[in-house]
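The next block holds one structure in the form of structure tokens; read it before the comments.
Just so it is clear, none of the values below were taken in a lab; they were calculated from the coordinates. Everything numeric here is computed off the predicted structure, so don't read it as measured data. Quick reminder, even Gly has a Cβ in these numbers, built from the backbone with ideal geometry, and neighbours come from all protein chains shown.
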Amino acid sequence: MAITEPEETIIKEIEEQRPPFPAGLLSRKEKDKLIERGIRGLYRWYTTRSQESRNWHPDSLNWRALRTDHSPEVNTVIEGFYAIEHYAPDYTIKLTQMMRKSYGRSHFQLRWGSEEEKHADMWRNTLLFLRFRTPEWIDDYMHFLSEGEWQPPWDDPLRMAIYVVIQERATQLNYLNLALIAAGESDKPGFTNSTDPVLVEVAQTIALDEAAHYNFFLEVARLFLYYYPAQTLEALVDVIGNFAMPAQDFHPDMDRFAEALYQGAIYGPRQYTRDVLKMTLKNLSVTSRKALDRGIKQSRRVPDLDGNMVDTAIFDTLDYGSLETAVKRLFDRVKTYEEKIGLDEIDPVHFVPSGLATNPQKT
Ligand SMILES: [Fe+2]
Ligand SMILES: [Fe+2]
């Protein structure tokens, strides 16, 4: 039997019924489910790891061996670090509230809060044992700080998902640089001859927590970036353009603190650009800061209801292949973890490609 040409009207009908995006793309509901499933698995993996490897207590250090003759600059830096960690309850309450619709993100914030609370205790012990200030002064300082109430810089969970990645990396860098000073490796005026093994332990112990926080939030941000690249890149540009470390407004002498950080080469515009932003963008598979700005300018189109607006400008900005590899790796990690428990027999986790890598829509 001869194959006849389909009628023109049928072709037209098929054309009209074709979905507005290429086959293989996921609905918003499917993407949200995958993101949440990934985060929930990662959260459980994280809590096991943190209990096993970072279960320290701020009172268990050899505090009596802390030096009591540090320079005013070193003391200023430590007072400032304490101020930031002092707001652990505010951070925890507000972020848990904001993320309450995500089991993985909200429950993680509670565990994260319990780790941040230890940082406040650790710096408070440091302040006391430095003997640079009296306990009364430290009490007054705490009360002064408590007059301020931290508010999240963004009120949407997507922008906060990005903010915390940058903030955790910046915090980790601050502490690592203080650890170097306490290891006697600084030649900056006010920071030389600061060798203090206990202070090294303090700064390194907290920095390890901050690294773990950074890695958790980085995986969350990658999930959003992978499944919602256009919206997440736009959020990234917003957050980068307005980034500041938390609780700066509440410090009684922020200028002196910022100056000490700058003088000690601990944290300033140079460290932010080179050691925070560049590294974070690389880990998010963003090709460069310039490409990011360019990509955003070129892609002001509104995504469809499923958030599936993707144009070629975004693929110039993102190394989408490496981002997909990273997201796959996360799902593999969760899968391996859950297999050990037996959860794979009940609620197996599956990576599902976004479909965007092979189906970029042309503008
Ligand atoms: Fe912290
Ligand atoms: Fe942290």
Viscosity 1.002 mPa s, 20 °C: Kirkwood-radius Stokes-Einstein D of the chain over Cα pairs, µm²/s | 95 µm²/s
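At 0.36 nm per residue, and after removing the present C-alpha to C-alpha distance, how many nm does the segment from Ala183 to Ala244 gain when stretched out fully?
Details: separation 61, 0.36 × 61 = 21.96 nm, distance 2.78 nm.
Additional length available on full extension: 19.2 nm.
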The aspartates and glutamates whose Cα lies under 18 Å from the Cα of Lys335, excluding any fewer than 8 residues away in the same chain, are Glu36, Glu219, Glu324, Asp344, Glu345, Asp347
Connecting every pair of Cα atoms under 10 Å apart in the chain and solving the GNM, the largest mean-square fluctuation among Asn62, Asn215, Asn193 falls on Asn62
Sequence-distant residues sharing a close amide H with Leu318 (under 5 Å, placed H) | Thr287
With a Förster distance of 56 angstrom and the Cβ-Cβ distance between Lys335 and Glu259, calculated FRET efficiency to the nearest 0.05 equals 0.70
On full extension of the chain, what length is gained from Asp155 through Asp32, given 0.36 nm per residue of separation minus the C-alpha to C-alpha distance?
-> 42.4 nm
From fewest to most C-beta neighbours within 10 Å, the residues Arg100, Arg222, Arg270, Arg40 line up as Arg270, Arg100, Arg40, Arg222
Simple Cβ-charge dipole of segment 23-345, Lys/Arg +1 and Asp/Glu -1, about Cα centre, in debye nearest 20 | 1160 debye
FRET efficiency estimate (nearest 0.05) - Cβ-Cβ, Asp316 to Asp59, R0 51 angstrom = 0.45
In deg cm²/dmol, rounded to 500, what helix-only [θ] at 222 nm does the chain give when every DSSP H run of at least 4 residues adds -39500 (n - 2.57) and the total is split over its residues?
-> -21000 deg cm²/dmol
What is the gain in length, in nm to one decimal, between Glu52 and His350 on full extension, counting 0.36 nm per residue of separation less the C-alpha to C-alpha distance?
-> 104.6 nm
Just tell me which aspartates and glutamates come within less than 19 Å, Cα to Cα, of Lys118; anything on the same chain fewer than 8 places away is out.
-> Glu52, Asp59, Glu79, Glu85, Asp90, Asp139, Glu168, Glu201, Asp209, Glu210
Cα axis of helix 135-147 to longest principal axis of the chain: angle in degrees, 0 to 90, nearest 10?
-> 30 degrees
